[in-house]
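The values are calculated or read from the model by the stated rules, or taken from the named source; none is laboratory data. Predicted, not measured: the structure shown is a model, and the values here were computed from it. When we count neighbours, we look across all protein chains shown, and the Cβ atoms used for this are built from the backbone with ideal geometry, even at glycine. We work out accessible area using only protein heavy atoms, side chains counted, and drop any ligands, DNA or RNA first. Shrake-Rupley method; radii C 1.70, N 1.55, O 1.52, S 1.80 Å.
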Amino acid sequence: MTEPLALSDVLAASRLFELRQAVVAGLKNLIAGVEVRAHAGKIDLSDVVAEDTFVAPSILVALTKFTVDPRLSGSEDDCAHLAAYVIVEDTIVDGKRVERDEIGPAICDAIAHFLNRPNSAPMWGLENIGLPEEVAGQPVFTAKTFAKGLAFYAVTWRQELFARGEPMFGEGDDV
């Protein structure tokens, strides 16, 4: 058995929170008038509808899953699975009424194209990070939610964080 890890060391070793915060910062200026903020995990539509804790249109960025990829060199990579949840309602744009089922896919399309840019924008200003992969968008709302005047979409992707550094438990340690 190894010595317990210090929480400060665990926090220093992980880059997952840093990535989510960098994505939030990177998407903030993508679309004027759209609020962008971090979200703790997968979105629960019933909670969002019941609590009215958002402003539409908005993008909520979440880490939804991650995997650890050990390397022969002894370093470890994290593969982060991210989601940008898009929350919309019918609104007026340039004096014209636009329906939520037009706004949501358009915002998702803009996010997806931004993630697939061939320059450094999707790298979020971080080092040792791969390009976004498997970018996909989809509606995530129910007919009941839609009937309440709201629509929810998600753009998902995965992104590698390379060379995490020293293995947290050392090589060959028993846990």
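From (1) at pLDDT 95 or above; (2) assigned to a loop (DSSP other than H, G, I, E, B), pick out the condition that doesn't hold for residue 104. Failing condition for residue 104: (2).
Taken over region 110-124, residues that are open to solvent by 60 Å² or more (accessible area, probe 1.4 Å) and either modelled with pLDDT of 90 or more or in contact with a Leu (Cβ under 8 Å, 6 or more places away or on another chain) (or both) amount to 2. Name the pairs: first residue in region 25-44 and at pLDDT 90 or above, second residue loosely packed, with under 14 Cβ neighbours inside 10 Å and not basic (Lys, Arg), Cβ to Cβ under 6 Å, at least 6 apart or on different chains? Every condition considered, the pairs that remain are 35/55.
Candidates in region 128-143 are the residues that are out of contact with any Gly (no Cβ under 9 Å at 6 or more places or on another chain) and at pLDDT below 90; of these, the one that is most open to solvent (accessible area, probe 1.4 Å) is 143.
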